[in-house]
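FYI, it's all coordinate maths here, none of it is from the lab. All figures in this text were calculated on a predicted structure; none of them were measured in a lab. Glycine also receives a Cβ, built like all others from the backbone with ideal geometry; neighbour counts cover every protein chain displayed.
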Amino acid sequence: MDVRYNQSLKDCNTFGVDVQARCVVRLDVKGSALSERGHEEVEQLLESGALRDAYVVVGKGSNILFTHDYDGTVIMLESSGKQELHVVDADGCRYVTVGAKCLTDDVVAYCVEHGCFGIENLSAIPGTIGAAVVQNVGAYGVEIGDVVERVEAVDLKKGTVCALRAEDCRFGYRTSLFKQCNGQYLITSITLRLKPSFQPVLTYKALAERVSGEQHADMTALGMRDVITQIRWQKLPRPEQYGSAGSFFKNPVVSDEVVEQLLSKYTDMPLYAGNKLSAGWLIDKAGWKGRSRGRVGVWPQQALVLYNRGSCTGTEVVDLAMAITEDVYSKFNVSLEPEVIIL
Ligand code: EPU
């Protein structure tokens with residue numbers, strides 16, 4: 001367990017906001033199953049008393065915005081060292097168990113390479129797989145919760161280890177039990193239920209349009225991974241160039257009346273199942289796309305993304321987010337909510 005005090009968090013959040021944490025604890029949780037040794041570091045953490053004060057568990061910080069110095073302990077899983085993945089075939093499925101500290105895109109690459117299919121559409125998502133499970137990340141028609149079989153975690157409140165089945169994880173749109181009970185669980189490993197044969201998932205309209213007829217017949221999982229990666233990088237800022245947290249807002253779910261009102265005025269408005277609107281479209285339509293305020297901007301290729309134009313603070317991001325939220329509400333009568341966790 002590596003414990004450091006008064007540490008900058010600039011490299012621990014993808015927005016690149018430069019705040020300090022009173023304490024940063026890095027845990028090296030070896031192994032990816034409860035039966036394996038490797039929870040000594042978690043035991044040390046529990047015994048250290050660090051959890052008596054404020055604390056937050058951070059993966060790669062790709063969905064978090066710090067607005068001030070963090071007066072508590074930031075807990076991170078050490079992501080150096082060998083990636084640990086185990087594949088077991090059973091009941092016509094491939095079960096892949098992976099340590100929570102592994103990067104999501106590395107997991108997707110490994111799965112594609114080893115003939116485990118079903119998460120190709122989550123290619124190029126930043127952050128760790130543990131964090132992906134916390135916020136049930138989704139892209140291009142696939143959510144991680146769709147393929148989670150089991151999650152192993154330490155219940156930091158009770159000081160016990162637990163294994164949760166997918167149905168206990170309360171997965172919903174960009175949410176899970178782990179997000180709802182923020183701070184209670186430290187996910188250590190995840191078992192994914194994948195398929196031994198590749199079947200492209202083309203439910204997302206823009207993807208289906210891109211992968212047209214002939215291509216579709218020949219499409220391999222690797223080909224799908226390439227297509228998804230290309231689409232993502234056309235729409236989102238490259239992390240090495242600009243800090244951001246991907247989508248800043250969730251796509252809002254609204255009532256039938258609001259849908260009707262908006263569709264009568266904007267016949268081209270995108271609408272997802274369950275009365276879910278596109279926040280990106282609303283922000284774009286309100287005229288914010290590509291605009292900036294000081295050191296924070298609205299990404300010119302995807303209005304859902306706020307980005308750091310250079311040394312911005314978290315408060316500046318929140319100020320712009322609030323201005324957008326108020327404007328979208330006044331124009332469309334729709335309330336936007338952040339997807340990003342703001343601390
Ligand atoms: N649109 C605009 N202007 C914009 C952005 C979008 O008109 O600036 C329109 C598009 O033309 C399209 C619709 O809005 O008709 C949807 O856009 P897009 O396909 O880019 O997807 P999204 O709903 O904006 C969601 C996720 C993304 C994910 C994509 C693809 C949320 C909050 N965001 O975005 O997730 O990659 O779908 O599945 O659900 C993330 O969570 O960080 C993220 C990037």
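Here are the numbers for this structure:
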{"quantity": "Residue check, V340 of a type in the set (V, I, T), under 25 Å from S123 (Cβ atoms) and surrounded by 16 or more Cβ atoms within 10 Å (Cβ to Cβ)", "calculated": "yes"}
{"quantity": "Selected residue (criterion: nearest to the ligand (Cβ to nearest atom)) from residues of the stretch 251-286 that are exposed (fewer than 13 other Cβ atoms within 10 Å of the Cβ) and in a loop (DSSP other than H, G, I, E, B)", "calculated": "D268"}
{"quantity": "Which numbered condition S247 misses (of (1) in contact with a Ser or Thr (Cβ under 9 Å, 6 or more places away or on another chain); (2) within 9 Å of the ligand (Cβ to nearest atom))", "calculated": "(1)"}
{"quantity": "Some residue of the stretch 293-309 being over 22 Å from the mean Cα position of the chain (by Cα), free of Cβ contacts under 8 Å to residues at least 40 places away in the same chain, more than 10 Å from the ligand (Cβ to nearest atom) and buried (at least 16 other Cβ atoms within 10 Å of the Cβ)", "calculated": "yes"}
{"quantity": "Residues satisfying the stated conditions in the stretch 259-310, i.e. out of contact with any helix residue (DSSP H, G or I) (no Cβ under 6 Å at 6 or more places or on another chain) and of a type in the set (S, T, N, Q)", "calculated": "Q261, S264, T267, S278, S292, N308"}
{"quantity": "Residue list for the stretch 95-124, restricted to those being within 15 Å of V148 (Cβ to Cβ) and outside any helix (DSSP H, G or I)", "calculated": "Y95, V96, T97, V98, G99, A100, C102, C116, G118, I119"}
{"quantity": "Total residues in the stretch 87-117, condition on the phi > 0 side of the Ramachandran plot and crowded, with 23+ Cβ neighbours inside 10 Å", "calculated": "0"}
{"quantity": "Filter result for T315 (polar (S, T, N, Q), without any contact (Cβ under 8 Å) to a residue 12 or more places away in the chain and out of contact with any Asp or Glu (no Cβ under 9 Å at 6 or more places or on another chain))", "calculated": "no"}
{"quantity": "Options A109, A153; residue that is touching a helix residue (DSSP H, G or I) at 6+ places or on another chain (Cβ under 9 Å) and farther than 28 Å from S48 by Cα", "calculated": "A109"}
{"quantity": "Options L194, L186: the member that is surrounded by 12 or more Cβ atoms within 10 Å (Cβ to Cβ) and touching a Leu at 6+ places or on another chain (Cβ under 7 Å)", "calculated": "L186"}
{"quantity": "Tally of residues being under 26 Å from the mean Cα position of the chain (by Cα) and either closer than 30 Å to G310 by Cβ or not basic (K, R) (or both) across the stretch 261-285", "calculated": "16"}
